[in-house]
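What follows is one structure encoded as structure tokens, with my remarks underneath.
Computed from the coordinates by the stated procedures, all read-outs in this text should not be read as laboratory data. In this text, all values refer to a predicted model and were calculated from it rather than measured experimentally. Positions of Cβ are backbone-derived with ideal geometry, glycine not excepted, and every protein chain shown enters the neighbour counts.
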Amino acid sequence: MRNRGDGPTAGWWAHRWGRGACPRPHRRTSSWDRGSATVWAVLCGLALCAVAAAVLGLGQAVAARHRAGAVADTAALAAADHALWSAEEACAAARRVAGAQRARVVRCRLEGAVADVTVRVRAGPYAAVARARAGPASATP
């Protein structure tokens, strides 16, 4: 009769684990092990956030560098286009073109018909600097 669960302790088993259920063995864990999966999950999440922030920062720096290169190219072309008038006129044209693209001309030099322009572009916390030369094809350095 005890096998069917209707013995003197049947009510206790039914109350504790449900009717007809077998008691599970108690798993003994140390107190320091409780909640460790939560801590590991939080640490992994923080590590992933740090890696994502680093990748985004690197992407912003690379984009600033490419933008600075493009601004330097166009400013050098504008300066070379105005090189026949005067060095001041050529550098003013380079500053106008760079200013329209939210950049600043750091250095502008004219050697004959060849313009050598250096610009600085700010993009967030980064400042990228690029240099470009432009002039006639016959004037090679």
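Observations
- Considered as an equivalent ellipsoid built on the Cα gyration tensor, segment 69-141 has semi-axes of 21, 12, 8 Å, the largest given first.
- Applying a DSSP loop filter and a limit of 16 other Cβ atoms within 10 Å to the trypsin sites (Lys or Arg not before Pro) in segment 75-120 leaves R102.
- Burial order of peptide ranges 78-91, 39-52, 57-70 (average beta-carbon count within 10 Å, highest first): 78-91, 57-70, 39-52
- Computed Kirkwood radius, in angstrom, where 1/r is averaged over Cα pairs of segment 33-116: 15.8
- Residue order, fewest to most surrounding Cβ atoms within 10 angstrom, among V114, V55, V71: V55, V114, V71
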